[in-house]
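The values are calculated or read from the model by the stated rules, or taken from the named source; none is laboratory data. Computed from a prediction, not measured in an experiment: that's the story for all the values here. Here Cβ is always computed from backbone atoms with ideal geometry, including for glycine, and neighbour counts include all displayed protein chains.
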Amino acid sequence: MSTLTLKGPYWVTVRQYRRTLWLVAGGVLLSLVSMVWLRYWDGQTVGTNQDNGHAVLRVAMDWAATAMMVLPLLVGAFVAGPMVARELESGTYKLALTQSVSPARWLGSKLLTAGAVIVPATLALIGVYRLGWGSVAGTWSFLWYAPDTYVSTGPVLVGQVLLALGLGALIGQLIRRTVTAMALTGLVTGLALLLVGQLRWSLMPVLTGTGPLNVGNLFPGVPASSWQGGYGLLTASGDHLPAEACWNRTKEWDVCPADLNVVGQYWEYHPSSHYWPIQLIETGIYLALAALALYAAFRVLRARHP
Amino acid sequence: MVEYRIDRRSGVATYLQIVQQTKQALRMGLLEPGDRLPTAREVVESTAINPNTVLKAYRELEREGLVEARRGLGTFVRATLGTGPADSPLRGELTDWARRARAAGLDREDVSALFTSVLKEHFEGDDA
Amino acid sequence: MTRDGIALEADLLGKTYGGRSRGWALRGCGFALPAGRVCALVGPNGAGKSTLLALAAGLLRPTEGTIQAPPREHLAYVAQDKPLHPRLSVADTLRMGRELNPGRWDETAAQRVMADELDPHTLVRDLSGGQRTRVALALALGKRAELLLLDEPMADLDPLARHQLMGLLMADAAEHGTTVVLSSHILTELEGACDHLLLLHGGKIRLDGAVDDLLAAHTLLRGPVADLAPHTVVESRTTGRQLTALIRHEGPIEGPWDTQEPSLEDLLLAHLRTTPEGVPA
């Protein structure tokens, strides 16, 4: 974190937020050391009756995943509040904008500095998480598609923090009050992530499996690790009917009235091989939204400051 | 080198104070031909007055032929003013006159008023 | 861009915060400040001085009209509240000046303002008001600007520091021909240092010109009550049979009056007492 080679507004930004930078670096390092230690402990006690190491690792991984979900909100709040709104609220922008640096360079250098710290830090945290994930992957609550695990293990989190950065830059300028801007950015970022998250499993066509009626819920041909979507009854013409369509009439799951023309059942799923394509598409959406937010942020800046 | 003291409450224009103080220094022999006057920068840094005021005073002194500006070097004293006050015969005569005025019963204020009115009569129109 | 020889120029300049119906902070302002002048921007609190300076500094957009000032690189601005980053040290703050003004930063000029008065390791948040002013002025002078815009620069300073810093400002103006605009609601702070005057009252410009010209154009007279035409009466007061008036004279003054050139303070007070509030600030 040497400030020796930095120039101009980058030096100023780094100097201004040096405490936060040390905090981020310290946080990443601490998480790495803890994870290495947990994996070591886990490895020492594996297979014994006192596998406390593994239990502790699972708890830690659970907490870590939750923390990773909150990470974009923290980033957004920090950019919106301390980095942008506070300068506008306290009046230090008057100092910055009357030096030989244009407003766009001023905001740009702040955001670039933030990005240059946040992206590697996020990647490092994902790496740390994956380090622990190796031991718990695929077990209950650590399936690849569990929302927190899904976010904590892939590039989608990088997209999320960058979207938060863009939203922070925009909202910080519009609100100009540190605390309010932080809260609002947290809220808006949370909503945006929730909305895109809702679309997640529609980003790629699901695979559909079919089979006879009498197999119950054990869908043959669907890998156990798959994300399971909708399922129901299949008619001779290929139409999908709700799973309970027969039961409603006959009060039996496997017996269907002839007029429904049911020939079997279907089930939709994403195999674990869809993990990467979906991660990448979703990341792309976040990046596009982030670009939009940043464009708006610079438009607002230009409108406010000649 | 002279140092100017500006009295903002004196009612005398600032540039005139500089002119008068320079002349005073010339009379007292504190400044001699060839001496450099302080630069405008030096004057305003110590007095916090407007630089143009100093330049105006220096122009006035130059107009009177007391100093000359040499481009890039500064403003230099060209001439001296009057004679040393202590050994002037005029001073002797004035001393003599003041003694007689006192003997005639005039007090300080009477003498001062009389002196001022004569000054005014003889130097009418000569500013500074 | 400004015209040759003009450092700052406004034409029909108006500014309102949050909608025209909410009142004008500044309206219909026009002036041209020649380069190299030290201009006092005076007026009561709320007259629009800070708004005018922020417009000149490019921090605000005019609501109407125009203001032409040198570009950001060539002007320095010190806001009234002397904003500085509280968690940077004094040394870091000056380093910031160098980093943000590459190629034009003058460390000597900045250090002259600091005058070894402050420990460079002190954090800005631990400085007194006067010390903050010193750092803010060091940043402004270190920038080697053509136009210095200083909003109430002397308000927090003790008399000694005020004299010293005013001296430095004047020295900078003398050496580099810097145009300086200083705002204040206390005239005595600026008298003697300024050779140009902008009097702002109720968002409008009431007086604008070189101090010497303004003083020479006005006369303070005392005498019997009589018609003062063709002169413009700025302010007049009658006590019994005696008239005291400040006029802007048109031609020579003939009459039984005792005349006198007004002081800058006479002039300002007379204009402030008699100009209507015009626009609420």
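If only one of A:Gly284, A:Gly229 is of a type in the set (Gly, Ala, Ser), within 17 Å of the chain's Cα centre (by Cα) and under 23 Å from A:Leu207 (Cα atoms), which one is it?
Within the list A:Gly284, A:Gly229, the selection yields A:Gly284.
Which count do you get for residues in region C:27-68 that are more than 16 Å from the chain's Cα centre (by Cα), touching a residue at least 24 places away in the same chain (Cβ under 8 Å) and not in a strand (DSSP E or B)?
Qualifying residue count, region C:27-68: 3.
Which condition does B:Ala101 not pass, out of (1) at pLDDT 90 or above; (2) closer than 29 Å to C:Val211 by Cα, if it passes all the others?
With respect to (1) at pLDDT 90 or above; (2) closer than 29 Å to C:Val211 by Cα, B:Ala101 is out only on (2).
Got a sec? Which of B:Leu90, B:Leu81 is in contact with a Leu (Cβ under 7 Å, 6 or more places away or on another chain) and farther than 30 Å from C:Arg112 by Cα?
Residue meeting the stated conditions: B:Leu81.
Please go through region A:212-224 and give me each residue that is within 35 Å of the chain's Cα centre (by Cα) and either acidic (Asp, Glu) or crowded, with 16+ Cβ neighbours inside 10 Å (or both), ordered by number.
A:Phe219, A:Val222, listed by residue number.
If A:Ala104 satisfies all but one of (1) surrounded by fewer than 18 Cβ atoms within 10 Å (Cβ to Cβ); (2) closer than 18 Å to A:Gly197 by Cβ, what's the number of the condition it fails?
The one condition A:Ala104 does not meet is (2).
Every residue, every condition in (1) touching a Pro at 6+ places or on another chain (Cβ under 7 Å); (2) free of Cβ contacts under 8 Å to residues at least 40 places away in the same chain; (3) aliphatic (A, V, I, L, M), yes or no:
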position	(1), (2), (3)
A:Val136	no, no, yes
A:Thr153	no, yes, no
A:Ala181	no, no, yes
A:Gly186	no, no, no
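Is region A:146-164 home to any residue that is of a type outside the set (Phe, Trp, Tyr) and surrounded by fewer than 16 Cβ atoms within 10 Å (Cβ to Cβ)?
Quick first cut of region A:146-164, residues of a type outside the set (Phe, Trp, Tyr) only: A:146-149, A:151-164.
Still in the running and surrounded by fewer than 16 Cβ atoms within 10 Å (Cβ to Cβ): A:146-147.
Yes: one or more hits.
Restricting to region A:132-149, and then to whatever is in a helix (DSSP H, G or I) and touching a Gly at 6+ places or on another chain (Cβ under 9 Å), can you tell me which residue is modelled with the highest pLDDT? Show your work before the answer.
Residues of region A:132-149 in a helix (DSSP H, G or I): A:132-136, A:147-149.
Next cut, touching a Gly at 6+ places or on another chain (Cβ under 9 Å) only: A:135, A:147.
Working: A:Ser135: 85, A:Pro147: 91.
Among them, the one singled out is A:Pro147.
Looking only at region C:87-121, which residues are within 12 Å of another protein chain (Cβ to nearest Cβ), part of a loop (DSSP other than H, G, I, E, B) and either more than 16 Å from C:Leu165 (Cβ to Cβ) or of a type in the set (Val, Ile, Thr) (or both)?
C:Arg87, C:Leu88, C:Asn101, C:Pro102, C:Gly103, C:Arg104, C:Trp105 - these are the residues of region C:87-121 that are within 12 Å of another protein chain (Cβ to nearest Cβ), part of a loop (DSSP other than H, G, I, E, B) and either more than 16 Å from C:Leu165 (Cβ to Cβ) or of a type in the set (Val, Ile, Thr) (or both).
Of the residues that make up region B:81-91, is at least one under 16 Å from the mean Cα position of the chain (by Cα), crowded, with 22+ Cβ neighbours inside 10 Å and farther than 25 Å from C:Ala193 by Cβ? If you could, list the steps in order and put the result at the bottom.
Within region B:81-91, the first condition is being under 16 Å from the mean Cα position of the chain (by Cα), and the residues that meet it are B:81-85.
Among the residues that remain, those that are also crowded, with 22+ Cβ neighbours inside 10 Å are: none.
No: region B:81-91 contains no residue that is under 16 Å from the mean Cα position of the chain (by Cα), crowded, with 22+ Cβ neighbours inside 10 Å and farther than 25 Å from C:Ala193 by Cβ.
Could you tell me whether region A:213-229 includes any residue that is at pLDDT 85 or above, in a loop (DSSP other than H, G, I, E, B) and at positive phi?
No, region A:213-229 has no match at all.
Here is a list: B:Tyr4, B:Tyr15. Which entry is outside any helix (DSSP H, G or I), within 14 Å of chain C (Cβ to nearest Cβ) and of a type outside the set (Gly, Ala, Ser)? Break it down into steps so the answer makes sense when it comes.
Numbers: B:Tyr15 fails: outside any helix (DSSP H, G or I).
Step by step, each of B:Tyr4, B:Tyr15 is checked, and only B:Tyr4 is outside any helix (DSSP H, G or I), within 14 Å of chain C (Cβ to nearest Cβ) and of a type outside the set (Gly, Ala, Ser).
So which residues in region A:248-271 are buried (at least 17 other Cβ atoms within 10 Å of the Cβ) and not aromatic (Phe, Trp, Tyr)?
Let us first name the residues in region A:248-271 that are buried (at least 17 other Cβ atoms within 10 Å of the Cβ), namely A:256, A:262, A:265-270.
Correct list: A:Cys256, A:Val262, A:Gln265, A:Glu268, A:His270.
What's the total number of residues in region A:230-246 that are part of a loop (DSSP other than H, G, I, E, B) and surrounded by 11 or more Cβ atoms within 10 Å (Cβ to Cβ)?
Step one: filter region A:230-246 for residues part of a loop (DSSP other than H, G, I, E, B), giving A:236-239, A:243-244.
Of the ones still in play, those that are also surrounded by 11 or more Cβ atoms within 10 Å (Cβ to Cβ) are A:239, A:243-244.
Here the count works out to 3.
Let me confirm something: among C:His163, C:His176, which residue is free of Cβ contacts under 8 Å to residues at least 40 places away in the same chain, more than 9 Å from every other protein chain (Cβ to nearest Cβ) and at negative phi? Quick ask: steps written out before the conclusion?
On the way: C:His163 fails: more than 9 Å from every other protein chain (Cβ to nearest Cβ).
Every option except C:His176 fails the conditions.
Quick check on my filter: what residues within region C:179-204 are of a type in the set (Gly, Ala, Ser) and facing another protein chain (nearest Cβ under 10 Å)?
Kept after step one, since they are of a type in the set (Gly, Ala, Ser), are these residues of region C:179-204: C:183-184, C:192-193, C:202-203.
Answer for region C:179-204, where residues must be of a type in the set (Gly, Ala, Ser) and facing another protein chain (nearest Cβ under 10 Å): C:Gly192, C:Ala193.
Residue-wise test of (1) over 25 Å from A:Pro155 (Cα atoms); (2) within 11 Å of chain C (Cβ to nearest Cβ); (3) in contact with an Asp or Glu (Cβ under 7 Å, 6 or more places away or on another chain); (4) among the aliphatic types (A, V, I, L, M).
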residue: A:Thr45; (1), (2), (3), (4): yes, no, yes, no
residue: A:Ala55; (1), (2), (3), (4): yes, no, no, yes
residue: A:Leu71; (1), (2), (3), (4): no, no, no, yes
residue: A:Ser100; (1), (2), (3), (4): yes, yes, yes, no
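Quick one: how many residues across region A:235-255 are modelled with pLDDT of 85 or more and touching a helix residue (DSSP H, G or I) at 6+ places or on another chain (Cβ under 9 Å)?
Residues that pass the stated criteria total 6.
For C:Pro83, are the conditions met, namely being surrounded by fewer than 20 Cβ atoms within 10 Å (Cβ to Cβ), in contact with a Gly (Cβ under 8 Å, 6 or more places away or on another chain) and closer than 21 Å to C:Lys143 by Cβ?
Judged against the criteria, C:Pro83 is a match.
Which numbered condition trips up C:Glu73, out of (1) within 11 Å of another protein chain (Cβ to nearest Cβ); (2) assigned to a loop (DSSP other than H, G, I, E, B); (3) surrounded by fewer than 20 Cβ atoms within 10 Å (Cβ to Cβ)?
Of (1) within 11 Å of another protein chain (Cβ to nearest Cβ); (2) assigned to a loop (DSSP other than H, G, I, E, B); (3) surrounded by fewer than 20 Cβ atoms within 10 Å (Cβ to Cβ), only one is false for C:Glu73: (2).
Considering only region B:35-80, how many residues are over 18 Å from the mean Cα position of the chain (by Cα) and away from chain C (no Cβ under 12 Å)?
Final tally of qualifying residues: 6.
Enumerate the strands (runs of 3 or more DSSP E) found wholly within region C:197-263, keeping only those where 3 or more residues are surrounded by fewer than 18 Cβ atoms within 10 Å (Cβ to Cβ) and hydroxyl-bearing (Ser, Thr, Tyr).
Working: elements: C:204-210, C:218-224, C:232-239, C:242-248, C:258-260.
Those strands (runs of 3 or more DSSP E) span C:232-239.
Here's a check for you: in region A:65-95, which residue that is surrounded by fewer than 21 Cβ atoms within 10 Å (Cβ to Cβ) and small (Gly, Ala, Ser) is farthest from A:Leu38 (Cα to Cα)?
So, considering only residues that are surrounded by fewer than 21 Cβ atoms within 10 Å (Cβ to Cβ) and small (Gly, Ala, Ser), the one farthest from A:Leu38 (Cα to Cα) is A:Gly91.
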